[in-house]
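Worksheet: the structure to be examined is printed underneath.
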Amino acid sequence: MYGRRQERAQFFRHHGFRCTLPREVILDILYKTKSHLSAEDIYFKVHPIYPQIGLTTVYRTLDLLNKMELISRFDFGDGKARYELIKEGDTSHHHHLVCRKCNRVIDYTDFMKEETRFIKKIEEVLSKKHNFEIDSHKIHFQGLCSKCKSEGR
Ligand SMILES: [Zn+2]
Ligand SMILES: [Zn+2]
Ligand SMILES: [Zn+2]
């Protein structure tokens with residue numbers, strides 16, 4: 001959906017928004033990257049090409065895209081929110097290993113089959129117990145990556 005300009009514009013219209021340049025450009029950056037970018041990271045990529053797009057616009061656009069559930073926001077505990085495009089299909093569901101020293105983020109998709117079963121069960125119980133409608137979850141583990149581990153604590 002996000003790869004094609006026309007479909008993207010349609011998606012925005014469907015949600016009652018226009019596909020403005022910043023929205024288009026930021027989605028494009030997140031589409032092309034494998035890393036988890038902060039608003040500043042995105043700004044530094046956007047600004048040289050589109051000087052009219054300021055940091056405030058980047059923040060606002062990220063907020064909107066997050067509300068539209070086109071991107072996910074993560075807080076890995078280093079005080080900076082990071083963003084990732086939500087890709088279509090189940091295959092994109094993954095979790096994170098976050099290095100608390102160098103902030104490296106590793107995506108993993110191991111155990112997703114087992115997780116689906118397990119998480120569904122947890123969701124069922126929790127939503128009943130707390131009368132809470134769960135629609136998503138985020139899991140990340142913190143620790144030391146291989147590089148930081150070998151360098152010592
Ligand atoms: Zn999960
Ligand atoms: Zn590390
Ligand atoms: Zn990720």
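Throughout, read-outs are computed from the coordinates displayed, never taken from laboratory work. A quick note: this is a predicted structure, and the numbers were derived from the prediction, not measured. Heads up, the Cβs are rebuilt from the backbone with ideal geometry, glycines too, and the neighbour counts pull from every protein chain shown.
Points worth noting:
- Cβ-defined net charge surrounding Arg18, 13 Å radius [Lys, Arg +1; Asp, Glu -1]: +2
- Cα gyration tensor shape for region 104-153, rounded if a/c is under 1.5, else prolate or oblate: prolate
- Size descriptors for the chain, from the alpha-carbon set: Rg then Dmax equal 17.6, 52 Å.
- Ranked for footprinting exposure by Cβ neighbours inside 10 Å, fewest first, Phe12, Phe74, Phe44 give Phe44, Phe74, Phe12.
- Under 5 Å from the amide H of Ser38 lie the amide H atoms of Tyr83, each residue being 5 or more positions distant or on a separate chain, with H modelled from the backbone and absent for Pro and chain starts.
- Percent of Cα pairs exceeding the 22 Å cut-off, where the set is region 1-87: 19 percent
- Fully extended contour minus Cα-Cα distance, from Asp75 to Lys87, at 0.36 nm per residue: 2.4 nm
- Estimated FRET transfer efficiency (Asn66, Asp110; beta-carbon r; R0 35 Å; 0.05): 0.85
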